[in-house]
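The values are calculated or read from the model by the stated rules, or taken from the named source; none is laboratory data. Remember, it's a predicted structure, so these values are computed and weren't measured experimentally. Note that we place each Cβ from the backbone using ideal geometry, even for glycine, and neighbour counts take in every protein chain shown. Remember, those area values only see protein heavy atoms, side chains included, never the ligands or the DNA or RNA. Shrake-Rupley method; radii C 1.70, N 1.55, O 1.52, S 1.80 Å.
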Amino acid sequence: MTAGLLWSLTGLALLDSVNAATIWIVIVILLGANRPAPTGWAFMLGAAVSFLAFAVMFYFGLSFADSVLEGFTLWLRRVLFVGLAVALVVMGVRRLRPRERKGYALPSWVNAWSALPFGVLATVGDLPNAFPMVLAVERLIDADVATPAAVVVLVAYTLVYALPSALILAAGLAFNEELREQLQSMLSGRTSGIAEPSPKAAAACFAGAAASLAVMVFWVG
């Protein structure tokens, strides 16, 4: 396990931690749940445990595939970067036209007892955005990291992934009255009304797509 590999995995975990879906669900729980503390922590437990379970399953599945098909991880890396480029182009195109913001509402059945499976469902629904985690697993296999060490790294990766949402939840519970108005304003600004076209955001998406393709060509090979 080299320092360079650890730094790259840390960067991927930090990128994965800025998970808009999980963060907004935590804010919705803080604002709308009857018992936000047990509901929020149960949701976070479900989200984190299921994320770790998927990461570990993907690690063992990819390890097996790589042992059977030579060069499988290399082709997976190429597909990942091409897929990221396509996704960024689609996002860029969307930023060039007005669009209605989608709201976040807490399902009526979510409570302190059902929040854990709700966290699992939210994580499953967000798996298509798990590009950093998939790349992190690929990096571990490509570096030939021993299985026990790889599992420990994935546990640490999951802790980093869950950290921002957990901190927001803790802050919201500790300073409910002080932060409630700000959280409501943030949620309303992101989930209601019409988002105007943003050429700057579109240009950033297109630049990211070009960078992803460049990495695929010059680094992945």
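Remark: R99 matches the filter, which requires a residue to be out of contact with any helix residue (DSSP H, G or I) (no Cβ under 8 Å at 6 or more places or on another chain), open to solvent by 30 Å² or more (accessible area, probe 1.4 Å) and basic (K, R).
So that you can scan it fast, the table gives a plain yes or no per residue for (1) touching a residue at least 40 places away in the same chain (Cβ under 8 Å); (2) within 30 Å of T147 (Cβ to Cβ); (3) hydroxyl-bearing (S, T, Y):
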{"residue": "L5", "(1), (2), (3)": "yes, yes, no"}
{"residue": "G40", "(1), (2), (3)": "yes, no, no"}
{"residue": "A47", "(1), (2), (3)": "yes, yes, no"}
{"residue": "A55", "(1), (2), (3)": "yes, yes, no"}
{"residue": "F60", "(1), (2), (3)": "no, yes, no"}
{"residue": "S67", "(1), (2), (3)": "no, yes, yes"}
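Taken over the range 102-150, the criterion of being more than 19 Å from L62 (Cβ to Cβ), of a type in the set (A, V, I, L, M) and assigned to a helix (DSSP H, G or I) is satisfied by A115, L116, V120, L121, A122. From the list A42, A13, A65, the lone residue that is surrounded by fewer than 17 Cβ atoms within 10 Å (Cβ to Cβ), touching a helix residue (DSSP H, G or I) at 6+ places or on another chain (Cβ under 6 Å) and among the aliphatic types (A, V, I, L, M) is A65. Kindly establish whether F51 is in a helix (DSSP H, G or I), under 14 Å from L159 (Cα atoms) and aromatic (F, W, Y). When the stated conditions are applied, F51 passes them. Mind checking whether some residue in the range 157-169 is open to solvent by 70 Å² or more (accessible area, probe 1.4 Å) and modelled with pLDDT under 90? Taking every residue of the range 157-169 in turn, none turns out to be open to solvent by 70 Å² or more (accessible area, probe 1.4 Å) and modelled with pLDDT under 90. Please determine whether any residue of the range 176-191 is open to solvent by less than 20 Å² (accessible area, probe 1.4 Å), modelled with pLDDT of 80 or more and more than 30 Å from T2 (Cα to Cα). No, the conditions are met nowhere in the range 176-191.
Exactly one residue among V79, V93, V89 is β-branched (V, I, T), in a helix (DSSP H, G or I), open to solvent by 30 Å² or more (accessible area, probe 1.4 Å) and modelled with pLDDT under 80, and that residue is V79. Within the range 92-101, does at least one residue satisfy the condition of being closer than 29 Å to A204 by Cα and in contact with a Cys (Cβ under 7 Å, 6 or more places away or on another chain)? Yes: the range 92-101 contains one or more residues that are closer than 29 Å to A204 by Cα and in contact with a Cys (Cβ under 7 Å, 6 or more places away or on another chain). L74 falls short on exactly one of the conditions (1) within 30 Å of W113 (Cα to Cα); (2) touching a residue at least 12 places away in the same chain (Cβ under 8 Å), and that condition is (1).
Can you find even one residue in the range 31-39 that is touching a helix residue (DSSP H, G or I) at 6+ places or on another chain (Cβ under 7 Å), small (G, A, S) and closer than 23 Å to E181 by Cβ? Looking through the range 31-39, at least one residue is touching a helix residue (DSSP H, G or I) at 6+ places or on another chain (Cβ under 7 Å), small (G, A, S) and closer than 23 Å to E181 by Cβ.
Quick check: anything in the range 133-152 more than 30 Å from T2 (Cα to Cα), open to solvent by 80 Å² or more (accessible area, probe 1.4 Å) and free of Cβ contacts under 8 Å to residues at least 40 places away in the same chain? Within the range 133-152, not a single residue is more than 30 Å from T2 (Cα to Cα), open to solvent by 80 Å² or more (accessible area, probe 1.4 Å) and free of Cβ contacts under 8 Å to residues at least 40 places away in the same chain.
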